[in-house]
1. Of His68, His121, His22, which is the most mobile in a GNM of the chain whose springs link Cα atoms less than 10 angstrom apart?
2. What FRET efficiency, computed as 1/(1 + (r/R0)^6) with R0 = 30 Å and r the Cβ-Cβ distance, is obtained for Glu144 and Lys79, rounded to the nearest 0.05?
3. Along the Cα→Cβ direction, 7 angstrom out, place labels at Gln45 and Cys158. What is the inter-label distance in nm?
4. Work out from phi, with θ = phi - 60° and the Karplus expression 6.51 cos²θ - 1.76 cosθ + 1.60, the ³J(HN,Hα) of each residue of the range 110-116, listed in order in whole Hz, and give x for Gly and Pro.
5. Computed from the coordinates I sent, P(r) over Cα pairs in 5 Å bins from 0, in percent equals one of (1) 1, 9, 17, 22, 20, 13, 9, 6, 2, 1, 0; (2) 1, 8, 15, 18, 17, 14, 10, 7, 4, 3, 2, 1, 0, 0; (3) 1, 7, 12, 12, 12, 13, 13, 11, 8, 6, 3, 1, 0, 0, 0. Tell me the label.
6. Please work out how much accessible surface Glu136 shows to a 1.4 Å probe, ignoring ligands, DNA and RNA, in Å² rounded to 10.
7. Please report, in debye to the nearest 20, how large the charge dipole of the chain is about its Cα centre when each Lys and Arg carries +1 at its beta carbon and each Asp and Glu carries -1 there.
8. What does the extension gain come out to for Ala171 and Ile116, with contour length at 0.36 nm per residue minus their alpha carbon separation?
Amino acid sequence: MPASPPAETSASHDVGSLYFHHHRWLCGWLQARIGNVCEAADLAQDTFVRVLVAVAATERPLRLDTLHEPRAYLTTVAKRVLCNHYRRQALERAWLQALAQVPEAEQPSPERQLIIVEALHAIDVMLDGLSGRVREAFLLAQLEGLSYGEIARRLAVCERSVKRYVAQGLAHCMRVSP
C-alpha cells in the first residue's frame, strides 16, 4: 500500500491546482483595479505565495480542495495584497517628496535610499497593527522624544493612558519584529 503524500506536497499540489484554474482570472481581476498588466501579474503571484505560505504554515492545514468559492477566497487574499501595494506606493511617494526637499549634494546614494525605503516599509508593517492612539503616542515618544506629560496634553488623555499606549506599542513591536 503506497504511503500518502506528505502534507507539504499535498498543500503545494492544492495551491498548484488553484493557480492553474484561477490565475488568469485573478490577473484580470487585479488588472481591472490597477490598470497595469505587469503589476497585476506581480500581485497575482504575491497572492498565490501568500496562499501557499498560509496553507503550509497552519497547524490545521486549509483544504483548498474543499473551498466552495475559490475565487472569493482569492479575492479576499488579493485585496489584502492590493492594500499593502497601495500603502507601499504611498510610503514611497512620501519618501520621494521628502527627498526632493534635500539638496542634491546631501542626498543619500541610491543604495542608501533603497535601504531607507526598505526600513520605512518594515516600520510601516510593524506599526500596522496598532490603533491610532497607541501608534500616535508611541511615535511621539520614540521619534519626537516627548515626555508622557507632553504626549498626554497633546492627545488630551491622562499620563497613565500614555504609559499604557507606549507599553502596548513596544509590546506589539517586540511581537512582530523578526
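1. His68
2. It comes to 0.30.
3. 5.4
4. x, 5, 5, 4, 5, 4, 5
5. Entry (3).
6. 90
7. With Lys and Arg at +1 and Asp and Glu at -1, about 720 debye.
8. Extra length available between Ala171 and Ile116 comes to 17.4 nm.
The values are calculated or read from the model by the stated rules, or taken from the named source; none is laboratory data. This is a predicted model, so every value here is computed, not measured. Note: ideal-geometry Cβ built from the backbone for every residue, glycine included; neighbour counts use all protein chains shown. Side chains included, ligands, DNA and RNA excluded: accessible areas come from the protein's heavy atoms. Shrake-Rupley method; radii C 1.70, N 1.55, O 1.52, S 1.80 Å.
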